[in-house]
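Report on the structure given below.
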Amino acid sequence: MKRGCAIIAVAALALLCGSALPAREDAKPGPWVKFNEMDGIVAYGRDNPRGFFKQGRFVGVIDLSVAQGENMMRDWDLYQKVFYMSKKTGPVNLPGLKATNDTRYAYILQGAPWPLQDRDVVSRMDYYYHKPTNEVLVKVQAINADYPIPKDVIRIRFCEMEWMLKPIDDNHLQVTYQIMLMPGGAIDEIPPSIMNMALKYVGIFTIQNIRKLAKQEKYRRPATVITQTPWPAELRSYAEDVAKS
């Protein structure tokens, strides 16, 4: 338990507090490289052309149907409980940000170990459904919004996150959690070895937390997919890329 807490603290330190480098126009993402596996969850990383941090991908199995999993991904309570030290999650209601059935706006306030500053982010969440394969994509992107920033909190200006749900059978799905961010702030002393350690574990812990929540009765009730927006052809590369992993 102590070791797990220490690793989580390192993950928060690295993901929330490193400095970000400007994007290079000619840079391209590197290949996905598997560099950890724990509890049946596989972690991959690749070079991130937008900044200092590697991009992470984490793949595991959840004991739910895709419909149950998609319903779960619409529960605000989920996000506060699965992200380490999450302090607040919920919908954002601002002029010009009109939520629909498949587009929502979210606020997340993320804690950080002392003496680091907390981070927050305002994001747009788009839900897509690929009916031929019964797959769901939740694409999350940070947006600039006139939303109050709490005192001593740093606003994350760039974050891209994807959740992909793929059916295995009627009671199991494969979840892929992918993330790339530039968290702001400046702590240049973090060595690459700590950054690599963080990426090896932080997404695995997130999927482990989802597995625990998936055992709750409210997520195990019979369900149908709520999302109605078709998964756009230009975004199918996400699913194709995961299939190659």
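Every number here is computed from the coordinates shown, using simple stated rules; none is lab data. Predicted model only: the values in this text are computed from it and were never measured. Quick reminder, even Gly has a Cβ in these numbers, built from the backbone with ideal geometry, and neighbours come from all protein chains shown.
One table, with the values for the structure above:
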item: Residue-by-residue Karplus 3J(HN,Hα) for the range 216-227, coefficients 6.51, -1.76, 1.60, Hz, glycine and proline x; result: 5, 4, 5, 8, 9, 6, x, 8, 10, 5, 7, 4
item: Listed peptides 132-143, 227-238 by packing density, highest first (mean Cβ within 10 Å); result: 132-143, 227-238
item: Ranked list, fewest to most other Cβ atoms within 10 Å of each Cβ, for 149, 154; result: 149, 154
